[in-house]
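Some notes on the structure that comes next.
What follows is calculated from the coordinates using simple rules that are stated; it is not laboratory data. Model, not experiment: these values are computed from the prediction. Cβ placement follows ideal geometry from the backbone for every residue including glycine, while neighbour counts extend to all protein chains displayed.
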Amino acid sequence: MAKIIVTTSGKGGVGKTTTSASFSTGLAQRGKKVAVIDFDVGLRNLDLIMGCERRVVFDFVNVIQGEANLKQALIRDKNNDNLYILAASQTRDKDALSLEGVEKVLNDLADEGFDYIVCDSPAGIERGAHHAMYFADEALVVTNPEVSSVRDSDRVIGLLSSKTRRAERGEKVREHLVLTRYNPARVEKGEMLSVKDVQDILAIPLLGVIPESPSVLTSSNAGAPVIADPLSDAGQAYQDLVARFLGEERPMRFMTVEKKGLFNKLFGG
């Protein structure tokens, strides 16, 4: 039985697609069969981060509209045979999606033996985001440590508990907090909310803290999820996040300012 996971937040630009790409890649690296779907119709970006933009022939809307079948539209990741990408359309608008069409695609993916289906939600709380979250079993709620981002995520948490199929059945979508672009030095200066501040406001379990890191942009520009860079702090943080999601115990890293050793202090390192 495929598990459906939505990556969501109210605010744009917080790292949802970066998280979807690294999360799905991490699951696939661990032997899970994974499909990741870009729900951001009209503003396609997932294929860029996954490095498969030139291989998109058919997209999510083509499948829903019956213009292509699922096997024609799914793109196998060039680095992992367990991972498949279903790109969004750049030429349609979000009205091209329907709950019935989304449900059929999800059911067809489940029939193909996928373990996880990751739904990369568009920003906001309108139609596209509703379609992305409606069928979810679990949710990665992505937020930055700043007030407007956290407030928007709180609104999304309310929708997960009221506007999903599980909510209609009296069940709960299991929520996980993913805190991105975290900079402990700026937290110490009072320029960012702390992890505890965000947890106190949102009151959902913390799955991972992703540090503010130039490696995220570097990896995106290179067409590779940052989790594929094992030397980067953000890549390591996403590896930890995936491990925790799968039930492993991992300490939270990158939450405190790194203290310089005596050698670095003496020689300015």
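Kindly provide the helix-only [θ] at 222 nm of the chain, computed as the sum of -39,500 (n - 2.57) over DSSP H runs of four or more divided by all residues, to the nearest 500 deg cm²/dmol?
Result for the chain: -10500 deg cm²/dmol, rounded to the nearest 500.
As a test, work out the antiparallel percent of DSSP beta bridges whose residues both lie in the chain, rounded to the nearest 5.
Restricted to the chain, the bridges split so that about 5 percent are antiparallel.
Please compute the modelled spin-label separation between Ser215 and Glu249, points set 7 Å along Cα→Cβ, answer in nm with one decimal.
2.5 nm
With springs only between Cα atoms under 10 Å apart, run a GNM on the chain and tell me which of Pro251, Pro230, Pro205 wobbles the most.
Comparing Pro251, Pro230, Pro205 in the GNM, the peak value goes to Pro251.
Based on the Cβ-Cβ distance from Asp111 to Thr91, what FRET efficiency comes out when R0 is 22 Å, to the nearest 0.05?
0.20
Between Leu43, Leu206, Leu179, find the one with the highest GNM mean-square fluctuation for the chain; connect C-alpha pairs within less than 10 Å.
Checking each option, the largest mean-square fluctuation is seen for Leu43.
Around Ser20, what is the net charge, scoring Lys/Arg as +1 and Asp/Glu as -1 over all other residues with Cβ under 15 Å from its Cβ?
For residues surrounding Ser20, the net value is -2.
Testing the spin-label approximation: label points 7 Å from Cα along Cα→Cβ at Ser162 and Lys189. State their distance in nm.
3.8 nm
Seen from all sides and averaged, what is the projected area of the convex hull of the Cα atoms in the chain, in nm²?
Hull-based average projected area comes out at 14.8 nm².
Please work out the FRET efficiency for the pair Arg54 and Glu258, using the Cβ-Cβ distance as r and a Förster radius of 51 Å; give the result to the nearest 0.05.
Numbers: r = 39 Å, r/R0 = 0.77.
The value I calculate is 0.85.
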